[in-house]
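Worksheet: one structure, shown below.
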Amino acid sequence: MSKTLIRGAKVLGDRALDVLIDGETVAAVGTGLDADGARVVEADGQILLPGLVDLHTHLREPGREDSETVLTGTRAAARGGYTAVHAMANTFPVADTAGVVEQVWRLGRESGHCDVQPVGAVTVGLEGKQLAELGAMHESAASVRVFSDDGKCVDDAVIMRRALEYVKAFDGVIAQHAQEPRLTEGAQMNEGTVSAELGLGGWPAVAEESIIARDVLLAAHVGSRLHVCHLSTAGSVEIVRWAKSKGWNVTAEVTPHHLLLTDELVRSYDPVYKVNPPLRTEADVRALREALADGTIDCVATDHAPHPHEDKDCEWGAAAMGMVGLETALSVVQHTMVETGLLDWAGVADRMSFRPAAIGRLAGQGRPVSAGEPANLTLVDPAYRGTVDSAGFASRSRNTPYQGRELPGRVTHTFLRGRATVMDGKLV
Ligand code: DOR
Ligand code: ZN
């Protein structure tokens, strides 16, 4: 059994402690622990976090292996400090059957770089017309609990109601991509002063907010769990805050890019900024940061959306929507939330590991850093300053909005059940 001693890391940003990993488990946490033949990682000044968990990753396999595979996506995840990701269902074929989710789950087991929990589609072919075989996906080896038509909205209220009713039986959750389709026909960017000036089709905040308002009411009516994907507006925050104040079972996520970027960037017409939901305004960014800080928004989810360059390096109107995010998420959160004083590192552990693991009901992930727990751990050097260069990404795709930007922090080590997947910033 291999042993690793992480020496002098600030556990969740608090006291500097030694952490001994023995095999797959945290064996001891304390001061002056004996190395006793263990490999030693000197972690002076570094922060030790529970392994990060992403609720929203597009791994693209099967079907779009030109943009990402389970192997390359989980390598990117490990580089970003993740030990588990939820793989979205909008693949080709769509993950709407037990067969496809089992295939993704098996590929994840073989990749080894992080745990892969498949998300099942809510409706057949993401078409919003007929419920997919939710029960069979749950019963399969993949044990699916999170269902989403992400990329598309489950806009039919009856289908949404039935989905919420169905998953209630096994403690599942519907993760909604909130986008009223009629209100966003031809939409290219946030509807506001910038879209008016640029003459691009606007994507009104109300298209997101009206679906969230309907769905929190449906979730309350059914008594089931709703998770709202990638909140992007101040109004969405208000609705989720209201739903939570009622005690309803509603959770929400925000992406790193919606915590940092605004629609002003679209003036460049660079499709790297084209994303769904669109980048919004400064006031929305402020509201999202505050909501993540006060817990109204439960977690950060990357919406890692890899696209090959031919789908992004074209004119704005033709470009695909989405940006990669796994390898920069923690740095963006450090920049927008920690360095602004909105969240401490314990808060980061909560919003990027504990809560997303709890929402996905993942066993063995999002656990405290203490003796007897599985050794899923991330070590971060917060003092590091570097410039993002997508040429060094483990992801197969390069569509990052942060190319050339200086961002703080670096994941130096990631441990998946005691085994290093990243050491000294490099994949193992
Ligand atoms: O920007 C996005 N890209 N938003 C989504 O909802 C889907 C995703 C994708 O699959 O590319
Ligand atoms: Zn989405």
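The values are calculated or read from the model by the stated rules, or taken from the named source; none is laboratory data. Predicted model, so just to flag it, every value in this text is computed and none were measured. Neighbour counts run over all protein chains shown; Cβ positions are idealised from the backbone, glycine included.
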query: Is segment 38-52 home to any residue that is touching a strand residue (DSSP E or B) at 6+ places or on another chain (Cβ under 7 Å), of a type in the set (G, A, S) and within 16 Å of ligand 2 (Cβ to nearest atom)?
result: no
task: Check T193 against each of (1) out of contact with any Asp or Glu (no Cβ under 7 Å at 6 or more places or on another chain); (2) under 26 Å from V285 (Cα atoms); (3) within 16 Å of ligand 1 (Cβ to nearest atom) and name the one condition it does not meet.
output: (3)
field: Listing of helices (runs of 4 or more DSSP H) fully contained in segment 200-268 that carry 2 or more residues being modelled with pLDDT of 95 or more and polar (S, T, N, Q)
entry: 234-245
field: Test for E310: is it part of a helix (DSSP H, G or I), among the acidic types (D, E) and away from ligand 2 (no atom under 16 Å from the Cβ)
entry: yes
message: Given (1) in contact with a Lys or Arg (Cβ under 9 Å, 6 or more places away or on another chain); (2) in a loop (DSSP other than H, G, I, E, B); (3) under 30 Å from D311 (Cα atoms), identify the lone condition not met by T83.
response: (2)
message: On the basis of being buried (at least 19 other Cβ atoms within 10 Å of the Cβ) and either modelled with pLDDT of 95 or more or more than 16 Å from ligand 2 (Cβ to nearest atom) (or both), does Y384 make the cut?
response: no
- request: Check G295 against each of (1) buried (at least 21 other Cβ atoms within 10 Å of the Cβ); (2) at positive phi and name the one condition it does not meet.
  value: (1)
- prompt: Restricting attention to segment 347-367, does a residue exist that is within 20 Å of E68 (Cα to Cα), aliphatic (A, V, I, L, M) and within 17 Å of the chain's Cα centre (by Cα)?
  reply: no
field: Of all residues in segment 58-99 being closer than 18 Å to G172 by Cα and within 16 Å of ligand 2 (Cβ to nearest atom), the one that is surrounded by the most Cβ atoms within 10 Å (Cβ to Cβ)
entry: V85
message: Just to be sure before I move on: is V154 within 16 Å of ligand 2 (Cβ to nearest atom), surrounded by 24 or more Cβ atoms within 10 Å (Cβ to Cβ) and farther than 17 Å from L362 by Cα in the structure I sent?
response: yes
task: Only residues that are among the hydroxyl-bearing types (S, T, Y) and closer than 21 Å to V285 by Cα: list them for segment 321-379, please.
output: T328, S331, T336, T340
query: When segment 127-149 is examined, which residues are found to be surrounded by fewer than 24 Cβ atoms within 10 Å (Cβ to Cβ), touching a residue at least 40 places away in the same chain (Cβ under 8 Å) and either on the phi > 0 side of the Ramachandran plot or not hydroxyl-bearing (S, T, Y) (or both)?
result: E139, R145
query: Is it the case that segment 40-55 has a residue that's under 17 Å from the mean Cα position of the chain (by Cα), of a type outside the set (D, E), crowded, with 24+ Cβ neighbours inside 10 Å and farther than 24 Å from A9 by Cβ?
result: yes
- request: Give just the number: which of (1) outside any helix (DSSP H, G or I); (2) surrounded by fewer than 24 Cβ atoms within 10 Å (Cβ to Cβ); (3) out of contact with any Pro (no Cβ under 9 Å at 6 or more places or on another chain) does Q117 not satisfy?
  value: (2)
message: If I ask for residues that are touching a Lys or Arg at 6+ places or on another chain (Cβ under 9 Å) and either closer than 20 Å to T421 by Cβ or among the hydrophobic types (A, V, I, L, M, F, W, C) (or both), which ones from segment 61-70 would you list?
response: E68, T69, V70
statement: Restricted to segment 145-160 and to residues being assigned to a loop (DSSP other than H, G, I, E, B) and away from ligand 1 (no atom under 16 Å from the Cβ), the residue nearest to A213 (Cα to Cα) is D156
- request: Could you tell me whether any residue of segment 402-412 is of a type in the set (A, V, I, L, M, F, W, C), under 25 Å from G108 (Cβ atoms), in contact with a Gly (Cβ under 9 Å, 6 or more places away or on another chain) and part of a strand (DSSP E or B)?
  value: yes
- prompt: Could you list, in sequence order, the residues of segment 320-348 that are in a loop (DSSP other than H, G, I, E, B), touching an Asp or Glu at 6+ places or on another chain (Cβ under 9 Å) and within 16 Å of ligand 2 (Cβ to nearest atom)?
  reply: A320, G322, V324, G325, L326
- prompt: Going through segment 170-197 one residue at a time, which ones are surrounded by fewer than 17 Cβ atoms within 10 Å (Cβ to Cβ), in a loop (DSSP other than H, G, I, E, B) and free of Cβ contacts under 8 Å to residues at least 24 places away in the same chain?
  reply: E185, G186
